[in-house]
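The values are calculated or read from the model by the stated rules, or taken from the named source; none is laboratory data. What you see is a predicted model; the values in this text were computed from it and never measured. We place every Cβ from the backbone using ideal geometry, glycine too, and count neighbours over all the protein chains shown.
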Amino acid sequence: MIREKMMGDFGKTTAANWPGAARAAVSAGLFPACANPRCRSGWMHILRRRETPVFEGGWCCSPACTAVCVEAAIRREMDGRGTAMDSHHHRIPLGLTMLQQGWITLSELRAALAAQKAAGGGKLGAWLVRKQGVSEELVTRALGLQWGCPVLGMEFHAPEGLTSLVPRFFIDAFGALPLRVAAGKILYLGFEDRLDPALALAIERMTGLRVECGLVRESQFRPAHTHMLEARFPSVELIEAGTEPALTTALANAVERFRPIEARLVRVHDCFWLRMWMGPQQGPIPELGSIRDLIGSTCS
Ligand SMILES: [Zn+2]
């Protein structure tokens, strides 16, 4: 009964709170129940005198129970594998979209396609801008139509204040750019020419913020992206494990080593992202020094 009541409390995390807020609000005086449903320590765990680690809102009474909880999270993340990114978009080619909108002429499209072919590649949009004098803004708008997303502006971009939301590794590897947080609830995430819904979903689950994706004009995106990569990010540890059980052990060991007051695990493509909060947070953007990220992957 006590466990059920507490689980109910854990579930109240809202987007406005940092992920550990609900747990921190659990009233004192109740004996915490171990998050491992198969925990065998019974009432003995009260003697363990440890309040952390907390993993995904659940207190883990022993290293063995931490390992069980981390393993269950990894299995859960593996179950969804291949669905988020594989949703195939039947997108009308960029050139055709622009033609339909009346933004380019057929001869401009033909010339750009010929230039692309002669060069052996390159983005069609870039050829339209470079060789046909088509405005970059129109190319980005057409990409937005293709992806069904807005074109986002870069006003007031202050990357230094956003680096604790997404690990630098993901910003670099997946070409995403956190733009701003609105009303403490919505994170605007910019991309150059294609969205990454899997990454957006992972960030949403990790931060509790709603993530709105959009495209940013290439000439604005590139320098801002470079600028952001030069900013200071929270500490991150990259782990490459030989097997999945080895990865589970490495992540569970990290949770035991740092004893966070909250931790979460999500999958981003082939990576597992473990985030640990070392202290309570004041707002939706974590304090730089109070979180630790681990990004793990397996060779298999
Ligand atoms: Zn336990």
Original post:
Quick check, is Ala35 surrounded by 12 or more Cβ atoms within 10 Å (Cβ to Cβ), within 16 Å of the ligand (Cβ to nearest atom), at pLDDT 90 or above and assigned to a loop (DSSP other than H, G, I, E, B)?
Top reply: yes
Subject >> Tally of residues being surrounded by fewer than 18 Cβ atoms within 10 Å (Cβ to Cβ) and either touching a His at 6+ places or on another chain (Cβ under 7 Å) or not in a helix (DSSP H, G or I) (or both) across the stretch 160-181 >> reply: 1
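So, in the stretch 96-126, of the ones that are part of a loop (DSSP other than H, G, I, E, B) and in contact (Cβ under 8 Å) with a residue 12 or more places away in the chain, which residue ends up surrounded by the most Cβ atoms within 10 Å (Cβ to Cβ)? Please lay out each step first, then the result.
Kept after step one, since they are part of a loop (DSSP other than H, G, I, E, B), are these residues of the stretch 96-126: 101-105, 120-123.
Filter again for in contact (Cβ under 8 Å) with a residue 12 or more places away in the chain, leaving 101, 103-104, 123.
Values: Gln101: 12, Trp103: 17, Ile104: 22, Lys123: 17.
By that ranking, first place goes to Ile104.
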Original post:
Is there a residue being buried (at least 20 other Cβ atoms within 10 Å of the Cβ), more than 28 Å from Glu56 (Cα to Cα) and among the small types (Gly, Ala, Ser) anywhere in the stretch 196-211?
Top reply: no
**OP:** With respect to Glu155, determine if the residue is of a type outside the set (Lys, Arg) and touching a residue at least 24 places away in the same chain (Cβ under 8 Å).
**Re:** no
Original post:
Which residues, taken from the stretch 127-159, are assigned to a loop (DSSP other than H, G, I, E, B), buried (at least 20 other Cβ atoms within 10 Å of the Cβ) and over 24 Å from the mean Cα position of the chain (by Cα)?
Top reply: Val134
